[in-house]
């Protein structure tokens, strides 16, 4: 049976299930078994009484071709081929939504001399070029500003429901911006508080960002304005690190509407 590196927080039943899974895959695949990952809540010490084990078995391409995900009450056993693991789906594609699945997961078994562990890390991080694509080519930065601006204009014009709707819709765009400027894939909503506290972002202390998100969802206008100021600072730091001015140039494109973001009453909108 393969020697597994099991996290200390797992209980005896979980450890037994993982050892049985590893032995079963060893017997079925031998040297074609390249590694085993523990994802989901159990892999992040975030499980509840309702959580199962989300396991990813990494096989050679040939071995993986004959396998599919197996769902059981206690264990979901997904299969990755080696080619799938080392391929990085671009933002907006179907595969993108699976990239955070690999964030911070324990690698229980790596028979590739560390290449598998590096491939797992790479799935959940963004190269500088990928971050630029998220922020700029896919308009997540400009899109967030647009939704924030619409919310502020609705507030200005006495439309509270519309303010809340646009403010709430801005949040996914905001989180893409926050994590892309840090070179990371945005977590699933369930794991946002966990990631911010366990793996802090330098520009965004967990309690401060979570408070801004909560208030924004409630349509709180001061929160939107404070967030705009914080995003500008994060973009300045990002551009300095990247050696360009592309994200700050996007924000500068909204300078004609500065009074709306600052709390003034003037400013015609792009969405008029």
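The values are calculated or read from the model by the stated rules, or taken from the named source; none is laboratory data. Keep in mind the model is a prediction, meaning the values are calculated, not measured. Glycine also receives a Cβ, built like all others from the backbone with ideal geometry; neighbour counts cover every protein chain displayed.
Tell me whether the range 190-200 contains one or more residues that are surrounded by fewer than 13 Cβ atoms within 10 Å (Cβ to Cβ), on the phi < 0 side of the Ramachandran plot and modelled with pLDDT of 95 or more. Write out each step before concluding.
Kept after step one, since they are surrounded by fewer than 13 Cβ atoms within 10 Å (Cβ to Cβ), are these residues of the range 190-200: 190, 197.
So of that shortlist, the ones also on the phi < 0 side of the Ramachandran plot come out as 190, 197.
Right, trim to modelled with pLDDT of 95 or more and you get 190, 197.
Yes.
Starting from the range 1-20, keep only residues that are in contact (Cβ under 8 Å) with a residue 60 or more places away in the chain, then list their pairs with residues that are part of a helix (DSSP H, G or I) and surrounded by 13 or more Cβ atoms within 10 Å (Cβ to Cβ) whose Cβ atoms are within a distance under 7 Å, requiring at least 6 positions of separation or different chains.
2/22; 2/26; 4/18; 4/19; 4/22; 6/15; 6/18
Can you name the residue in the range 151-164 that is without any contact (Cβ under 8 Å) to a residue 40 or more places away in the chain and in a helix (DSSP H, G or I) and is also surrounded by the fewest Cβ atoms within 10 Å (Cβ to Cβ) among such residues?
Across the range 151-164, the extreme among qualifying residues is 161.
Determine whether the range 78-100 contains at least one residue that is touching a helix residue (DSSP H, G or I) at 6+ places or on another chain (Cβ under 7 Å), closer than 19 Å to residue 18 by Cα and at pLDDT below 95.
no
Does residue 38 satisfy being in the same structural domain as residue 85 (by TED's automatic domain parsing), closer than 22 Å to residue 188 by Cα, in contact with a strand residue (DSSP E or B) (Cβ under 6 Å, 6 or more places away or on another chain) and modelled with pLDDT of 95 or more?
yes
For residues that are in a loop (DSSP other than H, G, I, E, B) and free of Cβ contacts under 8 Å to residues at least 12 places away in the same chain, scanning just the range 87-125, find the one that is farthest from residue 191 (Cα to Cα). I'd like the intermediate steps shown before the answer.
Kept after step one, since they are in a loop (DSSP other than H, G, I, E, B), are these residues of the range 87-125: 87-93, 103-106, 111-114, 124.
Those still in the list that are free of Cβ contacts under 8 Å to residues at least 12 places away in the same chain too: 87, 89, 93, 113-114.
Values: 87: 24, 89: 21, 93: 21, 113: 30, 114: 26 Å.
Restricting to residues being in a loop (DSSP other than H, G, I, E, B) and free of Cβ contacts under 8 Å to residues at least 12 places away in the same chain, the top hit is 113.
Got a sec? Which of 183, 113 is in the same structural domain as residue 24 (by TED's automatic domain parsing), within 30 Å of residue 84 (Cβ to Cβ) and surrounded by fewer than 19 Cβ atoms within 10 Å (Cβ to Cβ)? Full working, then the answer.
On the way: 183 fails: in the same structural domain as residue 24 (by TED's automatic domain parsing).
The match here is 113.
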